[in-house]
Amino acid sequence: MKDMARTSTILPLRLEGVGYSADGTPLLSGVTLTVPAGRRLIVLGPNGAGKSLLLRLCHGLLDASRGRVIWADGSPRPAAQAMVFQRPVMLRRSVRANLAHALALNGVARADRAGRIAAALDRFGLTDLATRGARLLSGGEQQRLALARAWLTGPEILFLDEPTSALDPGATRTIEEIIRGFSAEGMTIVMTTHDLGQARRLAEDVAFLSRGRLLEHGPAAGFFASPATTEARAFLSGDLLW
Ligand SMILES: Nc1ncnc2c1ncn2[C@@H]1O[C@H](COP(=O)(O)OP(=O)(O)O)[C@@H](O)[C@H]1O
Ligand SMILES: [Mg+2]
C-alpha cells in the first residue's frame, strides 16, 4: 500500500462551476478548483461557509446542483478515495472487526485480510485495542481507527472534515502526524479545520470559502502572509466567524 498514490489514476480532481442548493437556497456557488495529486489542501472559512458541503460533494455523498465534479479516470465516484468525519461512525463490533468490514466492503479476499489488518493495527497503534469494542474507545482512539480504516483501502485521496475538532491537544497532534505520514507516502489530502494553528501547521495549499463561494485558492504561505480578500483578512484576524 506504500506506493498507492505513486501512479495516480483518479487525480487531479477538478470542480467546474460547482453549486449546491437546498430547497432553492444556494449554499455553494460557482466553485471551480483543481486538486492535483500529492498535495495537502486545507479548506478554511467561517462557520456555515460550505466547507463540509464541498467535501461531501467531492466525495460523492451529495450531487452537485450545478457544475461538475470531474475525476481524472472519468468515473463519477471512484473507489480510491475515502472520507473521515469529525465523529467517526463505528460498527458496534471490535476494532479488528471494523477493519475487516472495511476490507470486505472493498472486495479484498478473506485470505488477504489478516495480514493487512495486522499491518494497520501496528501502524496506527491499535494492536492492544484490537479486541475492544470500537464504540467504547476514546475519541482519539476512534479517530485513529477511522484513519486506519481509510488507509486500509488504499485511497489516492483522503477527505477529512474537522477530524480533530472533538479531540484534546495530544490526540490532535497524533492525528496530525498520521496525516503528515499519509502525505509523505504520496496520498492527496483535502481537510477542513477551524483551528488556524492546525491550518498553519498542515497546509500546503489553502482554499478559503465564505458564504458558499471560493474566494481564495493557492499556496498556504501566500494566503497566510497576504490574503487577497477582505473576508480572508477578517477571518485570519478572528473577526469573521459566520
Ligand atoms: N442538507 C442541507 N440542507 C439545508 N441546508 C444545509 C444542508 N447542509 C448544509 N446546509 C447549510 O449550508 C451551509 C453550509 O454548511 P456547511 O458546509 O456544513 O458549513 P461549514 O462546514 O463551512 O461550517 C450552512 O448554512 C448549513 O446550515
Ligand atoms: Mg463543517
Considering every residue within segment 151-168, establish whether at least one is surrounded by fewer than 18 Cβ atoms within 10 Å (Cβ to Cβ) and either away from ligand 2 (no atom under 16 Å from the Cβ) or over 17 Å from G45 (Cβ atoms) (or both). yes
Residue under question is R96, and the condition is that it be buried (at least 20 other Cβ atoms within 10 Å of the Cβ) and in a helix (DSSP H, G or I); does it hold? yes
Of the residues that make up segment 29-45, is at least one within 28 Å of D239 (Cα to Cα) and in a loop (DSSP other than H, G, I, E, B)? yes
Can L61 be described as within 16 Å of F159 (Cα to Cα), surrounded by fewer than 18 Cβ atoms within 10 Å (Cβ to Cβ) and within 16 Å of ligand 2 (Cβ to nearest atom)? yes
Is segment 116-127 home to any residue that is over 13 Å from L152 (Cα atoms) and part of a helix (DSSP H, G or I)? yes
On the basis of being charged (D, E, K, R) and part of a strand (DSSP E or B), does R68 make the cut? yes
Just for segment 11-43: of the residues that are within 16 Å of ligand 2 (Cβ to nearest atom) and touching a residue at least 12 places away in the same chain (Cβ under 8 Å), which one is surrounded by the fewest Cβ atoms within 10 Å (Cβ to Cβ)? L27
Please work out which residue is nearest to ligand 1 (Cβ to nearest atom), limiting yourself to segment 7-28 and to residues that are farther than 22 Å from G218 by Cα and in a loop (DSSP other than H, G, I, E, B). D23
Members of segment 192-242 found to be of a type in the set (S, T, Y) and touching a Gly at 6+ places or on another chain (Cβ under 6 Å), listed by number: S210
Determine which member of the set G139, G107, G115, G133 is surrounded by fewer than 20 Cβ atoms within 10 Å (Cβ to Cβ), on the phi > 0 side of the Ramachandran plot and without any contact (Cβ under 8 Å) to a residue 60 or more places away in the chain. G107
Just to be sure I understand, how many residues within segment 46-65 are closer than 29 Å to G107 by Cβ and either in a strand (DSSP E or B) or touching a Leu at 6+ places or on another chain (Cβ under 6 Å) (or both)? 2
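Read the figures in this text as sums done on the coordinates, not as results from a lab. The structure displayed is predicted, hence computed values, not measured ones. Don't worry about glycine lacking a Cβ; one is built from the backbone with ideal geometry, like all the others, and counts go over all protein chains shown.
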